[in-house]
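I have placed the structure first, in the form of structure tokens, so that the comments after it can refer back to it.
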Amino acid sequence: MAQIRTALGSHAVSIEHIGSTSVPTLAAKPLVDILVTVADITAEEDYLVPLLKAGYELRVREPGHRMLRTPALYVHIHLLENDHPNVNAYLMLRNRLRNNLEDRELYARTKRQLMSRGFSDMNAYADAKTGVIEGILSRAQFAPHR
């Protein structure tokens, strides 16, 4: 994350480790997902150019979202505007999995079951997890805050 912070400086509103590798004891592929929020996703000169210069490759450009990765595929950077609703969802899921053993175990079981199917496309694998993720997010949203 230090390399990302160095490349982006103040253009990164926040930089967060998300995904399975951000949850201790959760089985995960050797892939680190990083969430970077920016003030304006359309101001690519502020974040895209520096990240490309730092060696990341652009993989997804869609409305409201950019995704870059390292050539070796071990780091994915998801870029969203700071107020994008997915920012809260990513962080809520991560925090719920870190703090709730039952949901962490459910998510781990789901991942193992889905991986045994041998998806040829990671998007199909991600889509197959959607129902479980939505359930976890629903429980997180209504859980008492500490």
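Taken over segment 104-121, the criterion of being farther than 24 Å from ARG139 by Cα and not hydrophobic (A, V, I, L, M, F, W, C) is satisfied by SER116, ARG117, GLY118, SER120, ASP121. In the list ARG96, ARG109, ARG69, ARG61, which residue meets the criterion of being free of Cβ contacts under 8 Å to residues at least 60 places away in the same chain, touching a strand residue (DSSP E or B) at 6+ places or on another chain (Cβ under 6 Å) and either open to solvent by 30 Å² or more (accessible area, probe 1.4 Å) or of a type in the set (Asp, Glu) (or both)? Just one listed residue meets the conditions, ARG69. Each residue in segment 68-91 was checked for being hydrophobic (A, V, I, L, M, F, W, C), more than 20 Å from ALA28 (Cβ to Cβ) and over 10 Å from the mean Cα position of the chain (by Cα), and 1 of them qualify.
Residues in segment 23-58 that are over 19 Å from MET1 (Cα atoms), at pLDDT 95 or above and either open to solvent by 50 Å² or more (accessible area, probe 1.4 Å) or touching a Gly at 6+ places or on another chain (Cβ under 7 Å) (or both): 4 in all.
The residue that is modelled with the highest pLDDT, among those in segment 115-135 that are in a loop (DSSP other than H, G, I, E, B) and charged (D, E, K, R), is LYS129.
In this structure, SER138 does not satisfy being open to solvent by 40 Å² or more (accessible area, probe 1.4 Å), small (Gly, Ala, Ser), in a loop (DSSP other than H, G, I, E, B) and without any contact (Cβ under 8 Å) to a residue 40 or more places away in the chain.
Applying the criterion of being part of a loop (DSSP other than H, G, I, E, B) and not acidic (Asp, Glu) to the residues of segment 72-114, the residue that is farthest from LEU52 (Cα to Cα) is ASN100. Considering only segment 72-85, state which residues are closer than 20 Å to SER14 by Cα and touching a strand residue (DSSP E or B) at 6+ places or on another chain (Cβ under 9 Å). Residues satisfying the conditions are VAL75, HIS76, ILE77, HIS78, LEU79, LEU80, GLU81, ASN82, ASP83, HIS84. Does ILE15 fit the bill of being open to solvent by less than 30 Å² (accessible area, probe 1.4 Å), in contact with a Gly (Cβ under 9 Å, 6 or more places away or on another chain), aliphatic (A, V, I, L, M) and farther than 23 Å from ARG109 by Cβ? Answer is no for this residue.
The values are calculated or read from the model by the stated rules, or taken from the named source; none is laboratory data. All values reported here derive from a predicted model rather than from experimental measurement. As a convention, Cβ positions derive from the backbone with ideal geometry for all residues, glycine included, and neighbour counts pool all protein chains shown. Note: areas computed on protein heavy atoms with side chains; ligands, DNA, RNA excluded. Shrake-Rupley method; radii C 1.70, N 1.55, O 1.52, S 1.80 Å.
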